[in-house]
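Novice: First the structure, then my questions, so here it is.
The values are calculated or read from the model by the stated rules, or taken from the named source; none is laboratory data. All figures in this text were calculated on a predicted structure; none of them were measured in a lab. Reconstructed Cβ throughout: ideal geometry from the backbone, glycine too, with neighbour counts over all protein chains shown. Ligands, DNA and RNA are excluded from the accessible area calculation, which covers all protein heavy atoms including side chains. Shrake-Rupley method; radii C 1.70, N 1.55, O 1.52, S 1.80 Å.
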Amino acid sequence: MSAVSEQLDWMVRTQLESRDIRDPRVLQACRTIDRARFVPPDLRGLAYDDRPLGIGQGQTISQPYMVAVMTQSLALEGTERVLEIGTGSGYQTAILAALAAQVYTIEVHGSLLEQAREVLDSLGCANVHYRVGNGRLGWPEESPFQGILCAAAAEEVPETWIAQLADPGILITPVGGWEGQWLVKITRQGGRLSKHEFCPCRFVPLVDGGETLS
Ligand code: SAH
């Protein structure tokens with residue numbers, strides 16, 4: 001095994017398998033996609049640590065466990081169209097691109113999106129579509145989505161996302177403000193919506209900004 005594979009294997013065993021990540025496809029993607037590629041050069045030594053890391057613009061690459069738990073909750077089989085809000089470093093995007101058919105990713109900071117696109121292109125992720133803008137609006141022209149994943153917390157789940165969720169479909173997002181956030185999963189199945197709050201979490205806030213869609 002190469003040094004990188006060994007470190008990824010260690011990350012997966014000690015941070016994901018030791019908790020509740022069981023989906024073999026998610027575990028495999030986390031073993032294959034090198035998180036260090038998405039981390040600024042001066043922080044590469046910490047790339048496999050159990051924590052978020054700064055990526056510039058006051059934003060962070062999520063903790064590996066958070067990426068895995070959110071991805072696992074989408075129960076992807078490979079045929080889905082997925083909307084991601086908050087591209088950030090592009091690490092979560094790469095994992096989704098390995099597990100779904102198409103990924104539509106929106107980031108409010110153009111510079112972060114360009115950096116992420118460069119890394120994803122270099123890894124050969126050809127099924128990712130990029131947009132700079134306000135992810136609150138979703139991506140109506142490409143909806144509906146079987147999976148929607150957001151990596152920034154809003155006070156309430158925007159109605160636009162629910163409207164763009166397919167049936168069946170799963171939406172996963174942190175919800176809450178400075179006083180505390182929960183990871184919330186909303187499932188649409190047979191015309192009915194159900195909501196499940198599954199763990200406390202801490203994400204950057206979903207901000208307003210970027211281009212507006214008419
Ligand atoms: N999963 C990403 C997490 C990035 S942090 C990673 O591991 O790298 C969340 C991202 O959401 C930040 O990059 C932030 O700029 C972005 N964001 C915040 N509000 C947004 C909005 N309204 N629309 C799109 N992106 C937004």
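Novice: Measure off 7 Å from each Cα along the Cα-to-Cβ vector at residue 46 and residue 28, then give the distance between these two points in nanometres to one decimal.
Specialist: Those two pseudo-labels are separated by 3.3 nm.
Novice: Classify the chain as rounded, prolate or oblate from the Cα gyration tensor: take a ≥ b ≥ c as the square roots of its eigenvalues, call it rounded if a/c is under 1.5, otherwise prolate when a/b beats b/c and oblate if not.
Specialist: Since a/c stays below 1.5, the shape of the chain is classed as rounded.
Novice: Given contacts defined as C-alpha pairs under 8 Å and at least six residues apart, what's the relative contact order of the stretch 1-73, whole-number percent?
Specialist: RCO, the stretch 1-73: 33 percent.
Novice: If you don't mind, another one. Any chance you could run the full-extension gain for residue 20 through residue 156? It's 0.36 nm times the residue separation minus the Cα-Cα distance, nm to one decimal.
Specialist: Extra length available between residue 20 and residue 156 comes to 46.3 nm.
Novice: In addition: In whole Hz and in residue order, list the ³J(HN,Hα) couplings for the stretch 18-34 that follow from phi through the Karplus curve 6.51 cos²θ - 1.76 cosθ + 1.60, θ = phi - 60°; x for Gly and Pro.
Specialist: The phi angles translate into 6, 9, 10, 8, 10, 5, x, 5, 5, 4, 5, 4, 5, 7, 9, 8, 7 Hz.
Novice: Given a 1.4 angstrom probe, what's the average accessible area per residue across the chain, in square angstrom?
Specialist: Ligands and nucleic acids excluded, the figure is 46 Å² per residue.
Novice: Continuing with the same structure: Among the DSSP beta bridges whose two residues both lie in the chain, what percent are antiparallel, rounded to the nearest 5?
Specialist: 50 percent
Novice: Now for a separate question. Using a Förster distance of 30 angstrom, determine the FRET efficiency expected from the C-beta separation of residue 141 and residue 114, and round it to 0.05.
Specialist: Efficiency for this residue pair is about 0.85.
Novice: Follow-up question, since we're still on this one. Order of 17-23, 48-54, 31-37 by packing, highest average Cβ count within 10 Å first?
Specialist: For the peptides 17-23, 48-54, 31-37, the packing ranking is 31-37, 48-54, 17-23.
Novice: Around residue 117, under 12 Å between beta carbons, what's the net of Lys plus Arg minus Asp minus Glu among the other residues?
Specialist: My count for the surroundings of residue 117 gives -3.
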